[in-house]
Amino acid sequence: MKAWGITAGLLLTLAGLGAKSGNAVGAISSERDSAERALMSGQVDAAVDGLHNLLTKHPKDAQAHLLLCRAFYAEDVPDAAVAECEAAMDGLSDNSEAQDWLGRACGMKAQNAGRIAGYKLAHRVQAAFERAVNLDQKNSAAVNDLAEYYIGAPAIIGGGVDKAEALADRVLAVAPQAAHRTHALTAEANKDYSRAEREFRAAVGVAGRPDAWVDLGHYYARRKQYDLAVEALRKCLTADPHMDAAVVDAASILMEMDRERETTERSLRGYLAGKDKSDAAPAFKVHAQLGSLLMKKGDSAGAKIEFEEALKLAHDYAPAKKALQSL
């Protein structure tokens, strides 16, 4: 009986500790989820503050570090983004999404680095993207990032159109849209424009996704086939009733072509009013983009409102500050 009593007491103690531990884990998860919702809705200042508070109490929370990396990436702050993604690697080195974000952050930092530093960073970008794809070949975002790296980088830092072609062949069965997109980009790089168009259309044919229509529209815009570009981008908008980040990409291309200003404005406003915002198109940047569009239309008062809305979400966003000063 005494032994049973000791065992029972120990079990009760462990159960109590487990409950406390579970409560702590739940609290961390709740704080992290709140910060992620803020990030997805474009409230980057709130997201950063919440994540800093969480990491002050739990400095080894890898998911929080990853979210903070994404927040700094959205704000175009490469040094901080790289540091946070590196911190996330302590617990997420085998996570495809985390490796992809590390590659993106290093890529952003490399854009303004010197020659030697840029060379080292480029190899880190390649390594992170390759690991992301090796960990999960269904990760289309990582496939797209790696393909663009191979196509855009010179051979001395690991680039090569042949590598992109091999990548597309490797993932065709599990990520067909990304594979066709990669084949299209390699064909375009090789100036085989008929094949490029076929492959972009094949990517659309996989599931008719809005982002595939964006890719096709962007291809036509690069080829200065503006009517075809507008047609494809309109189909993106039709295919995307939820108004997610793809409509912002479509609107951006329309702005670059200076076509369909009313359609562009409706798309940007629809995204901002919708429930499918994400850090793929940060709301503060979309507000600033809308402000730029309104300036082109001569609506300075409306533009001022949008730039101010951008700064409410991200108080240090330089393009919005600069635009306000020019009004």
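In the range 190-200, is there at least one residue being within 18 Å of the chain's Cα centre (by Cα) and of a type outside the set (D, E, K, R)? If you could, list the steps in order and put the result at the bottom.
To start, the set of residues in the range 190-200 that are within 18 Å of the chain's Cα centre (by Cα) comprises none.
The answer is no; no qualifying residue exists.
Can you find a residue in the range 274-285 that is over 24 Å from Glu75 (Cα atoms), among the small types (Gly, Ala, Ser), out of contact with any His (no Cβ under 9 Å at 6 or more places or on another chain) and not in a helix (DSSP H, G or I)? Spell out how you get there, then give the answer.
Residues of the range 274-285 over 24 Å from Glu75 (Cα atoms): none.
Within the range 274-285, none of the residues are over 24 Å from Glu75 (Cα atoms), among the small types (Gly, Ala, Ser), out of contact with any His (no Cβ under 9 Å at 6 or more places or on another chain) and not in a helix (DSSP H, G or I).
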The correct count of residues that are assigned to a helix (DSSP H, G or I) and either over 21 Å from Ala62 (Cβ atoms) or among the polar types (S, T, N, Q) (or both) in the range 74-106 is 2
Given (1) in a helix (DSSP H, G or I); (2) in contact with a Leu (Cβ under 9 Å, 6 or more places away or on another chain), Thr238 misses just (2)
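Output the residues belonging to the range 78-88 that are surrounded by fewer than 18 Cβ atoms within 10 Å (Cβ to Cβ) and without any contact (Cβ under 8 Å) to a residue 24 or more places away in the chain. Write out each step before concluding.
Going through the range 78-88, the residues surrounded by fewer than 18 Cβ atoms within 10 Å (Cβ to Cβ) turn out to be 79-80, 83, 86.
Scanning the range 78-88 gives Ala80, Ala83, Glu86.
If I ask for residues that are surrounded by fewer than 18 Cβ atoms within 10 Å (Cβ to Cβ) and not in a loop (DSSP other than H, G, I, E, B), which ones from the range 107-125 would you list?
Going residue by residue through the range 107-125, those that are surrounded by fewer than 18 Cβ atoms within 10 Å (Cβ to Cβ) are 111-120, 123.
Within the range 107-125, Gln111, Arg115, Ile116, Ala117, Gly118, Tyr119, Lys120, His123 qualify.
Which one is surrounded by the most Cβ atoms within 10 Å (Cβ to Cβ), of the residues in the range 26-64 that are polar (S, T, N, Q) and not in a loop (DSSP other than H, G, I, E, B)?
Of the range 26-64, the ones polar (S, T, N, Q) are 29-30, 34, 41, 43, 53, 56, 63.
Next cut, not in a loop (DSSP other than H, G, I, E, B) only: 29-30, 34, 53, 56, 63.
Values: Ser29: 12, Ser30: 11, Ser34: 15, Asn53: 13, Thr56: 8, Gln63: 20.
Top of the filtered list is Gln63.
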- Query: Can His180 be described as buried (at least 17 other Cβ atoms within 10 Å of the Cβ), of a type outside the set (A, V, I, L, M) and within 24 Å of Ser267 (Cβ to Cβ)?
  - Reply: no
Per the list (1) of a type in the set (A, V, I, L, M); (2) surrounded by 15 or more Cβ atoms within 10 Å (Cβ to Cβ); (3) over 26 Å from Glu188 (Cα atoms), residue check on Ala221 breaks on (3)
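No value in this document is a laboratory result; all are computed from the given coordinates. Quick caveat, the model's predicted, so the values are computed rather than measured. So basically every Cβ, Gly included, is an ideal-geometry build from the backbone, and we count neighbours across all protein chains shown.
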